[in-house]
Every structure is written in structure tokens, then in C-alpha cells.
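Only one structure is covered here, and it is reproduced in the block below.
The values are calculated or read from the model by the stated rules, or taken from the named source; none is laboratory data. Predicted model, so just to flag it, every value in this text is computed and none were measured. For neighbour counting, all protein chains shown are included, and Cβ atoms are generated from backbone atoms with ideal geometry for every residue, glycine included. Side chains included, ligands, DNA and RNA excluded: accessible areas come from the protein's heavy atoms. Shrake-Rupley method; radii C 1.70, N 1.55, O 1.52, S 1.80 Å.
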Amino acid sequence: MTRLKQRPHLREFDDPEERDRPLPRLLLFLVPFMMLWGGYYIATMDTTADPTLGDGRTRTALMPAVGGGAANGAQLFTTKCAACHQSAGQGVAGVFPPLAASEWVTGSERVLVQILLHGIQGEITVKGVRYNGLMPPWKSLTDEEIAAIATHIRSQWGNGASPVTAATVAAEREATASRSAPWKGESELSALK
Amino acid sequence: MSGARQVDVLRLGLGALFIIAFAITALVVMPYATLKDVPPPSGLKAYTEQQLRGRQIYIANGCIYCHSQQPRDPSIAPDQARGWGRPSVPADYVIDKPHLLGTMRTGPDLFNIAVRQPSEAWHLGHLYQPRAYLEGSIMPAYPFLFEERTGPAQPGETVVSLPPAYAKPGVRIVPTPEAIDLVAYLLALDRSYPVLPAEARR
Amino acid sequence: MSYAAGLLLATFLLSFAGLLLFLWSMSRGFFGSSEAAGRVIFEAKEIGLVEDPAAPDVRNTGEFQAVMNRTGSTGEFSLLSPEEAERRLELDESSRLPVLLCIASAAIWLVIASVFGLVASIKLHVPDWLVSEAWLTFGRIRPAHLNAVGYGWCSFAGLGVCLWLLPRLLRTPLEGARTAAVGAVLWFVGVTGGVGAILTGHSAGLEWLEFPWQFDVPLFLGGTLMGVSLLRTLAKRQVDHLYVSVWYIAAGLVWLPILLVVANIPGLHFGVQQAAMNWWYGHNVLGLWFTPLGLAAIYYFIPKTLGKPIHSYNLSLIGFWTLAFFYSQVGGHHLIGGPVPGWLITLSIVQSVMMIIPVVAVGINQHRTAWGHLGALRYSPTLRFVVLGGMMYTLASVQGSLESLRSVNTVTHFTHFTVAHAHLGLYGFFSMVMFGAIYFVLPRVLNWEWPYARLIRWHFWLVIGGFTVYFIGLSIGGWLQGLAMLDANRPFMDSVNITKPYLLVRSFGGAAMTLGHLVFAVHVAMMLLRRGREREGAALLRRPTPTPRGATAVAGARA
């Protein structure tokens, strides 16, 4: 017991207890207030919502897209094209060809639309540099969307070619409707011109 | 005395059990009951074995910690305008075990990555070195999913194409089967089918 | 009104009716007078020696303080009889083995978890760092960090402190200390295996539930063994009154195994239902496991180190039951805007906001207990950590309530803001409280004082400084990231680029925290090995100066 005097236990206060006090007024006001707010919040929630569709769903957003709507070329370019061709259209050296000042973009609109529809698998020379990659087909996009993308890339980054209409895309789509494989490089594409 | 003692413990134990039971009912059982009979949409394709293997790679390497798979409604956030697809619905996930909804968007939502980026070559190169294709990306590189090969090219070999800044001369970067599987999974992430018929439009 | 909404409203109103009834019965004294019951836990001579709240200005009444520090500043301990002192020693000795195992494990996991966290943090702004090995990839290190923190550091620290607290509060030696020790070892095995599984690519894929079920089994068994030991002690208790900390601890021990079992039923959960379950679990680990343990510690250590009773028993009760009820249903707010039923989200948002009630109750209770004695924060390490932790609990909870509101959540969801918030809760609140508690517990369990007060100071300033930088930096970065993502006209990369400087800042904060943890772990190791300077009396953050009004210094000296 000689060490007992030095033990940390001995300098402690008592183990705590709780006092009996009336509830603070703040709490007595707070509780009903919170209750009113919660009831209000629940009562004003959207009661027509179908719980099997998720939180805050707009029904029209879940239906098939209606054709004929205006397509936003810049937005489509950002979501579908910029990953490879980059947001400034400069491409990635040796991997993805540039669109800025590309003869394939500003040249024949027919060929451009065909590239967008079916993609490319094979060699292609852009601005004097040879690329050998695979561009996926985008024929799942609507005519309006493809026209919007084509128009967008023909008018950006110093490109100054004419816009492409949805009618042109529709015609091109019709002309190569049976095609299922991508264009085999520039050899096949040049024949289109 | 002992009676009062038991009342206290009883009150505590029963109260705690009641509360947890209530929470389980509200947050586990009720969603189960609401969603268990939701049929899969007709456009939803079951995963192939390869895609499921790729899904495991996605889980093992924690893609979920930066990528969500749950586009929100246009009335809440512009997820759709970013090309991430229509808002997702519970039916889209009936084949997902485990779920991969995610809670972070350090990178973009991937629920429809196959729709906006269907190129296998892009995915492979981007996994090998994200910064080769996207300047400023903070996604980790995954070199351990690829092999470096030298010597003559073998038939049927997929080679990652890289810009000069990231390529090593004389070395080919070839994806491992894990990388191929992972990309197969990513290319299966296409929920562009509608979930409500057009007739429902009012 | 739809079926779901009606049901929701009815449930909500019913639960509130229950709460009102509870308040009313309390005001009528149906729960009995706590003071009469409360006295049971005190030795006869100890009653009446604590402060009198009726004193006009407690801060400046030197005379009163002298009474409060009933033994004066001379370090004489005249009032505790040898038998009472023996009793206290006996209680602490009964729990020594499992407590030491838990606290040592906690310190080990704290260091491991901090290193994982720091590595993950650096990887976000140096993405080509440590990429050649699969186990070092961000997507494995980050969940390894979370699980090492949650199941390693926090759970072990919480369990260790509770194993020590319960015998004290029940005035009953711990029953089955060996069983509890086996439980601690099993828990360690589970955490080690689980973190190993994550690093080797065997994650189960759900946040907070990454451990494959094979490693949840030892966790479950270990937790149950420790729980059984504590519940047996509860059954044999020598006091009639249950102090509020006991409520929290016992309930937490009942809840955790239920959470683990429901979440791990194999083959049951699917798709979106699994997501709802995932966040029911994820938030309840915080709300029904860590928070009760942390609050139990706060409720004990603040009055203990100050020598004051808890302000109000009624407030404690309200705080406990409303926390349990509301907190257990807030998980859905992690899925706002997601593909989950709207009523579930609404329920979780409402209950998240309702969390203000328990937070206010706990906050008032602690505030009124500690007020007037904050000067002691300058001296007592325990008090400083615990009081700061308590403040950050209030802050984190209020922030959490706000964050669940749709308007705020739209910005913060999916961003680093949420990460900062999570750290405010589990670090700012829980870890801080545990640091303080361990500074109090270890000397008593080991009968050895902390050798270097300087190390405690370093620990404190490194973690508090680091965390301030971490939290403020990441919150700003996360908010800006959210705003950038909400603006459809800005490319997604804007939201990435804008966060980069803040991610760098976060790494600096995290590095300071990690360094602080190393200091702490070294100090704990010294304690366990009885290395370093042998000290008489408490290791304080600064030396008390004996002035006429310096009695607060002595209050601190008691920690």
C-alpha cells in the first residue's frame, strides 16, 4: 500500500451523477416546432410519385425520346466525342486524329456524315499524319443529333464549313442502310467522294 | 429494489430492440416489399460471364469510390445534360448483385458509359494511362492490368495506342484478360432503353 | 394522398405522440427522482462535495472552487478512505486485460489507418504515385482506410473505454474478463482479415460492408463475447440506478450484432433494395454504434474531470431515446435523388432534421455541465479532447441535418464536402473523445502516469491543427466541386480541376494528423512498456500556478 498514495485513482473526483432538473424551455418549444415542420414536410411531398421509379422522377424523362426536337451539338460533342478528339478538337497525337482544320471534317459533308454513322476501322491520313485506330459507329443517334454534331465540328476551332441538315443525314443513312461494318479506312472513304 | 432494477434494464432492452426493429422495417423490409416484384425492363440485358468477371474487377479495384452509377432526374441535377443518361429507376438494377450505386463523383457517372464511349481502344488506353487521353485527369493509372511486351507482334494481340509522350519505344502495351473483362463490363453499361412506354405520355 | 405518404405521416405523428407522452410523463415525475437513485453510486462520504450550482458566479468564487476541489491544491487525498480506494483499484483491475488489448489494438489500427488515409489522399493529386501494384491502387487503399478506421481504431477504442467504464459505473468488477479478451482477439482477427481481403481484391463491394462475410463472423463473435461480458456485469451490478452512459453502451452493444447480421444475410439483398440496406447499415454503424459509445464517454468524462454532476437526468433520457429513434432512420439521405422510393428519402430527410432534438438536448446538458469550468481545458488533456469532441459532435450533427435537406444535398452529394463531413463526425467528434478518454483510462489501468506531457501537447496541436486544415480545405473544395457539377455549361473536368488545390491542402492536414497519431501511438507504447520518465501526479498540458483564484488549475490536475 505504500504506492497507493501515488495512484492516479486517488486524485479523481467521484463518478458522475445526474441532477434532476426541469426540462429547459428551449426544448419544450423546439419539440412541437420540429413536429410541425416534419408533418408539413411529409404532407407536402409529391404524393403522385410512383415509388418503383425512384426519388423525384419526372415521368417524361423515362419515356422514349421524341424525334424532331432541337439537338445541342456542343453538348453532344462534349459527351460523345471530346473524350477522344478532345474539347479543343486537337485530338491526341498519334492516337486520335484532330478535328480542327481536318480536311475530313471541313470537306465533303456526305463523307463526314458517313464516318459519323458507321465509324472507321483502318488507316486514315489527317493533316498529313497517318492514324490507324477504330472509331465506333454512332448510328444509334438520331438524324438531328448527327446533323447537330457535324454542324458543330464544322464551325468550331477555326473550321468554317457549311452546316449539315438532318435531311442530309437521313438521306445518307438511307443510302447505306444495309451497312453493318465500319468504313475500312481512307481507301474506302475516298471512293465515296 | 430488484423489481425496479429489472424495470430499468427491461425498458432499455425492449426500447432498443423496438427502435432497431422499426428502422429495419422502414429502411430494409419496406423497400424489399416495394421492389421485390418489379420486373426487369425489356431492354435490360443480363450480364455475360465475361462482363460479370469484369464487374468483379470493377469491385476489387474500388471504381465505386469515385464513380457513381445513378443519374439523377433533370429536375434535380443536370446529369442527363452531361450525357450520363436518363434518370435511373429501381428496375434497372434488378440484376446488380452487389449494387454499385456509389456516392462519389470524383469522376463522372458510369451508368451509361457505353453509350457515350463505346470504343474499347479508348477504354484500354485510358485505363493504362488516363492522362494520355485526358489532360488533368486525377484517375489512377492501372499499369498492373497491362503487360509490356517486346519483340515481334503476336497474332490477335490488342495493342494500346499511346501518344509519344507516354509510349516507350520498342515496347508494346498489351491488356491482360482482366483489363479486357473490365472493359467488356464497361461496354455493357448501357441503360438507354426507355422504361415507360411512349403511350404513357400525357 | 397516396398510401405511402399516408403511412409515412401516420408513423411520424404516432412517433411524435409517443415522444410528447414521454416528455409529459417525465415532467410529472413518473420516472422517479433520479437524484435519489443517483446517490446509490456514490460512497457515503462523497455526497455533497461537488459544486453548488446555486452559487452566484461559479467562475470567480474562489471560496467555492476551494470547496469544489475539496482536497485543495496540495495534492493530499484525505477524503477517500482506504477501502474506497481499494474498491476503485479492484474495479479497474478486473477489466485490465481486455481494456489493454483493446487500447493497444486501437493504437495500432490508428497508425495503419492514418497511413492508408494519407496515401489515398496524396494519390488524388499525384495520381501516378504508387500505381504499379494492385494492392496500392486508390480503390483499395481508400476502403482499407475506412475499414481500418471504423472497425480497427474507432471500435477498439470505443470497446476499450466501455470495458473500463462499465465496471466503474456499475460499481461491479467486470464479469468474464477473459471472455472479453478472447472477444478482442477475435475482433482483431476479423479486422486484419477484412482489411487484407480488401487489399488483395476480395472486397464485398458495399461501402462500410467491404469485409467478405467470412471476416464478419469473427467480428460478430468477438463483439458478442465482449457484449456478453458487459451485459453479465450489468446483470450483477451493485447499483440500482443506470447512469446515462450505461444506457448508451448497453444499447450500442445490442444494436451492433443486429446490424451485422441483417446486413450480411447472404443472397437476400438485391439491387436498389440492397442500396437502401447498405445505407441503413452505413449510417447506423455511425448512429447506433460509434455515436452511443462516444456520447457515453462524453457523459462520463466531462463531469468526472470537473467533479460536477450532469446537469439534467431528464435531458439525458430525452437525448438518448430521441437519438436512437431518429438516428436509426436517417440512412436514406445518402441516396437523395437516387433510384430509391421517394417516401424512403422523405422519411430519412425528416428524421435527419429531427436529429436537432437529441443534439440540442445533449448539447444543453453538456454545456450546462461544463460551463464556468472551461479554464480547466488549459490543463487537463482529457477534458480538452473530450470537450472539443463534444462541440464537434454538435457541429457535425447540425451540419448533417442541413446536408440532408434537398437544396443543400444537391450541391454536396457526390462531392468531397461529404468526405469532410464524415471526418467531422468520426474524427472531430468520436476520435477526439476517444483520445481524451484514453488519456484518462490508461494511467489508471496501468498504474503508470503518461511519461511526457510534451508528447500530449504535440499530439493535441498536430491533430487539431491538421484537422482544421483538413476540414476547412476539403469543405470549400467540395462545395465548389458541387457547384461546378450542377452547372451544365461547365465541362465535368472543371469540377475536377477546381478541387485539386484543396485536395493538396487536405494532404497537408492529413499528414499533420498522421504525425500526431504517431506521437500518440509512441506514447501509448511507452505506457504499455513502462518506458520513459517516471512521473508523480498527472501529466498536464501546462503546469498549474497556485494563485488565489487558480483553483481551476487544480480542477484540471485531477484528470
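Quick notes
- Sequence-distant residues sharing a close amide H with A:GLU18 (under 5 Å, placed H): C:ILE310
- Total accessible area lost when A and B pair, probe 1.4 Å, Å² to nearest 100: 2600
- Pairing chains B and C buries close to 7000 square angstrom of accessible surface in total, based on protein heavy atoms and a 1.4 angstrom probe.
- Interface size, chains C and A: roughly 6300 Å² of accessible area buried, both sides included, 1.4 Å probe, rounded to the nearest 100.
- Accessible area of the stretch B:1-152 belonging to carbon and sulfur atoms, whole % at 1.4 Å probe: 62
- The mean accessible area for residues of the stretch C:160-286, using a 1.4 Å probe and ignoring ligands and nucleic acids, is 27 Å² per residue.
- For chain C, the carbon plus sulfur part of the accessible surface works out to 67%, probe radius 1.4 Å.
- For peptides A:169-178, A:116-125, sequence by mean Cβ density within 10 Å, most packed first: A:116-125, A:169-178
- The packing ranking, built from the mean of other Cβ atoms within 10 Å per residue, places the peptides C:141-149, A:183-191 in the order C:141-149, A:183-191, highest first.
- Dividing the convex hull volume of the alpha carbon atoms of the stretch C:304-435 by its residue count gives 105 Å³ per residue.
- Degrees separating the helix C:432-446 axis from the principal Cα axis of chain C, which is the longest one: 40
- C-alpha long axis of helix C:213-235 to longest principal axis of chain C, angle in °: 30
- Chain B: DSSP helices with Cα axial extent of at least 15 Å and average Kyte-Doolittle hydropathy no lower than -1.0: B:2-24, B:49-60
- Gaussian network model of chain A, springs between alpha carbon atoms under 10 Å - residue of A:PHE29, A:PHE77, A:PHE13 with greatest fluctuation: A:PHE13
- Dividing the C-alpha radius of gyration of the protein assembly as shown by 2.2 N^0.38 Å, with N its residue count, gives 1.05.
- Descending principal axes extents, chain C, alpha-carbon based, whole Å: 71, 57, 46
- Gap separating the Cα centres of the stretch A:99-134 and the stretch C:260-293, nearest whole Å: 52
- Computed over protein heavy atoms with a 1.4 Å probe, the accessible surface of the stretch A:1-113 works out to 46 Å² per residue.
- Rg(Cα)/(2.2 N^0.38 Å) for the stretch B:49-201, N = residue count: 1.15
- Chain B: most fluctuating residue of B:VAL29, B:VAL174, B:VAL115 per GNM, C-alpha cutoff 10 Å: B:VAL29
- Extreme residue, positive dipole direction of chain C, given options C:PHE471, C:TRP461, C:PHE12 (C-beta unit charges): C:TRP461
- Dimensions of the stretch A:74-190 based on its C-alpha atoms, expressed as ranges along the principal axes with the largest first, amount to 34, 27, 23 Å.
- Positive minus negative residues near B:ALA132 (Lys, Arg vs Asp, Glu; Cβ under 14 Å): 0
- For the stretch A:74-190, the fraction of 1.4 Å probe accessible surface lying on carbon and sulfur atoms is 56 percent.
- Over every Cα atom in the stretch A:120-161, the radius of gyration and the widest Cα-Cα span, Dmax, amount to 12.8, 32 Å.
- Crossing angle, helix C:244-264 versus chain C [Cα axis fit, 0-90 degrees, rounded to tens]: 30
- Sites B:VAL7 and C:VAL185, calculated FRET efficiency, Cβ-Cβ separation with R0 45 Å, nearest 0.05: 0.80
- Here's the list of aspartates and glutamates a cross-link from A:LYS184 could span, going by alpha-carbon distance under 14 Å and ignoring same-chain residues fewer than 8 apart: A:GLU123.
- Theoretical ellipticity at 222 nm over chain A - DSSP helices of four or more residues, -39500 (n - 2.57) apiece, nearest 500: -10000 deg cm²/dmol
- Altogether, the Stokes-Einstein calculation at 20 °C and 1.002 mPa s, with the Kirkwood radius of the stretch B:140-192 over Cα pairs as Rh, returns a diffusion coefficient of 170 µm²/s.
- Taking the Cα atoms of the stretch C:165-264, the ratio Rg/Rh between the radius of gyration and the Kirkwood radius comes to 1.07.
- Ordering of A:55-65, C:13-23, C:223-233 by burial proxy (mean other Cβ atoms within 10 Å per residue, highest first): C:223-233, A:55-65, C:13-23
- Each principal axis of the Cα atoms in the stretch C:295-341 has its own extent, and those three values, largest first, are 52, 19, 11 angstrom.
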